[in-house]
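To keep things clear, I will list the structure first and then write my remarks on it.
The values are calculated or read from the model by the stated rules, or taken from the named source; none is laboratory data. Bear in mind that the values here come from a model prediction, so they are computed numbers and not experimental data. Neighbour counts run over all protein chains shown; Cβ positions are idealised from the backbone, glycine included. Please note that ligands, DNA and RNA were not included when accessible areas were found on the heavy atoms of the full protein model with its side chains. Shrake-Rupley method; radii C 1.70, N 1.55, O 1.52, S 1.80 Å.
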Amino acid sequence: MNLISMEGITKTFGSVVANKNINFQVKYGEIHALLGENGAGKSTLVNMLSGIYTPDSGSIFVRGNEVRLTSPRASIDAGIGMIHQHFKLVDVMSAKENINLGQKNGFFIRDDILTKKILEFSNRYKLDIIPDKKVYEMSVGEKQTLEISKVLYRGANILILDEPTAVLTPQETKKLFSIMNKMKEEGCAVIFITHKMNEVMAVSDRITVLRKGETVKTVKTIDTNTKELAELMVGHPVDLAIRRDKVSKGKVLLEVKNLLAENEEKVEVLKNVNFTVEAGEILGVAGVAGSGQKELCETITGLYPVKQGDIFFKGEKLVGMSPRQIITRGISMSFIPEDRLGMGLVASMDMVDNLILKDYQNQKGFLINRKPAVKKAKNIIKELDISTPGVNNPIRELSGGNIQKVLLGRELGSNPELLITAYPVRGLDINVSYKIYDLINEEKKKGVAILFIGEDLDVLLELCDRIMVLCDGEITGILDAKKATKAKLGLLMAGEKNGKLGDAELD
């Protein structure tokens, strides 16, 4: 008997059909991966299991009984717990206080009894919870483990994990997989959503692939491979090779010296950062979320104040210049920010106007000629397969993946000498992601210096020439990508310094 069975599930939002007649079953003691392109309907499906949405038609069965999951509370009562990408924890509270929060009769349980129960529970699932540790003292991996503890403590034996490894080090990912396997041994079911194929192959028992809101196929992991899965997701064969083109070393285009920056609370977010990027080089940047990646990008592009240190582009000092001054002084630099709509594009404007924003100051006269921007917009739509009613459609009406494509198309089309890109394929389909890697390589061959901030270590290892690791605003090491491994990067991401790795492992 299946622990979960979803039969004939359909969910629409206006004219958009998010899920169409989906059938999805998960067995007892199984880790089941859910795969699909951006917009395939994965999140909608699991949101119906977690009680956030209710299906328009179809039935959901838990342990053989039909259930109506009309709220998150109904889902929790049915034994289903969902771990979201953004944690729902109270920072100033301890682990045990967060676990006990919202529990029936939680106020009346003695502190020592609660601690004993949590430790017994932690040992059973190999969770390594420290009951009295405050959330603000925890690493990202510890916070995620605490989230898992919360739902298991409430009696959940069906766990939904949505992109759980996006912000983890390799060591934390390995620990998460051991927790998932322990749950599997206990007879629980784990539904695992990720875009990282190697993780799917490593930890899952079965895989269900969705495409355009419909179930394509459910396969045993042992009977498939990444190439077949990519083809099932996209609908046609996909080349999953990432090139690392060999380009002759050029001159240093970007040099950062002793860079130090503080946030509004006077906390150092960048600490004595030193590195260079050469023409025709891709320097990757690895690190768990919030390690200073965003601030690094913004200091270079004039968007974040520098307390001390220097930034040179082609020998010219950038510190103290505004973004507009940097552009008008002939410094060609393209910046693809992490926050697409907050910083990259104007949501209420159409695609043509967003393209014009980049270079209108270079046009002569009082009137702006829109024809070149219209032509460029049509080319970007065709080249990156952007789904939009037309070039005059407001950006805010596009999906997240299509917004990302518009921004990439605009920046790559401006012929930069330095390209700074933060998570350029986040939220994109696997097919388009590999097209983006090819486009980045094309820029590299033109002699462009590229600072590539990524979260997928496999991609960084295959695409980049060198990889710089940030931890808590500090560079812990810069490795030759050909010699680096995920284990080495993971140590650096966790704060280990170069010297502890051994000289043979360094660039």
Using only the Cα atoms, work out Rg/Rh for the chain, with Rh taken as the Kirkwood radius, to two decimals.
0.98
Might you tell me the accessible area per residue for the stretch 145-245, computed with a 1.4 Å probe and given in Å²?
39
Using the Kirkwood radius over Cα pairs, work out the Stokes-Einstein diffusion coefficient for the stretch 385-460 at 10 °C and 1.306 mPa s, in µm²/s as a whole number.
120
Signed unit charges on C-beta, dipole axis of the chain, positive-most listed residue LEU152, LEU479, SER71:
SER71
For GLU262, which sequence-distant residues (separation of 5 or more, or a different chain) have an amide H within less than 5 Å of its own amide H, given hydrogens modelled in the peptide plane?
VAL269, LYS307
When only Cα pairs under 8 Å and 6 or more residues apart are kept, what is the percent relative contact order across the chain?
15
Using 7 Å Cα-to-Cβ label points, what is the LYS314/ALA202 separation (nm, one decimal)?
4.2
Once you order the gyration tensor axes a ≥ b ≥ c over the Cα atoms, which shape class does the stretch 1-82 get: rounded for a/c under 1.5, otherwise prolate or oblate by comparing a/b with b/c?
prolate
Among ILE242, VAL269, LEU232, whose Cα sits farthest toward the positive end of the charge dipole of the stretch 219-270 (+1 at Cβ of Lys/Arg, -1 at Cβ of Asp/Glu, about the Cα centre)?
ILE242
For the PHE61, ASP480 Cβ pair and Förster radius 60 Å, calculated FRET efficiency rounded to 0.05 is 0.70
Averaged over all viewing directions, the convex hull of the alpha carbons in the stretch 166-303 casts a projected area in nm² of 13.3
Over the stretch 361-498, with the other protein chains present, what is the accessible area per residue in square angstrom, probe 1.4 angstrom?
43
Unit charges on C-beta of K, R, D, E only; dipole of the stretch 227-309, Debye:
360
Contour minus end-to-end for LYS307 and ASP132, with contour as 0.36 nm per residue of separation and end-to-end as the Cα-Cα distance?
59.3 nm
What residue among ASN369, SER178, MET468 has its Cα farthest toward the positive end of the dipole of the chain, where the charges are +1 on Lys, Arg and -1 on Asp, Glu, each on the Cβ?
ASN369
Taking the Cα centre of the chain as origin and charging only Cβ (+1 Lys, Arg; -1 Asp, Glu), how large is the dipole, in debye to the nearest 20?
680
Rounded to the nearest percent, how much of the accessible area of the chain (1.4 Å probe, protein heavy atoms only) is carbon and sulfur?
49
With viscosity set to 1.567 mPa s and temperature to 4 °C, compute the Stokes-Einstein D of the stretch 88-214, Rh being the Kirkwood radius across alpha carbon pairs; µm²/s, no decimals.
83
Give me the 1.4 Å probe accessible area per residue for the stretch 55-139, excluding ligands and nucleic acids, in Å².
62
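From the protein chains alone at 1.4 Å, what is the descending order of accessible area for GLU262, GLU255, largest first?
Largest to smallest exposure gives the sequence GLU255, GLU262.
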Restricting to the chain, what percent of DSSP beta bridges are antiparallel, rounded to 5?
55
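Do any GluC sites (Glu not before Pro) in the stretch 182-213 lie in a DSSP loop with no more than 14 other beta carbon atoms within 10 Å, and if so, which? Present the calculation step by step, with values, prior to reporting the outcome.
Values: sites: GLU185, GLU186, GLU199; in loops: GLU186.
Hits after loop and neighbour filter: GLU186.
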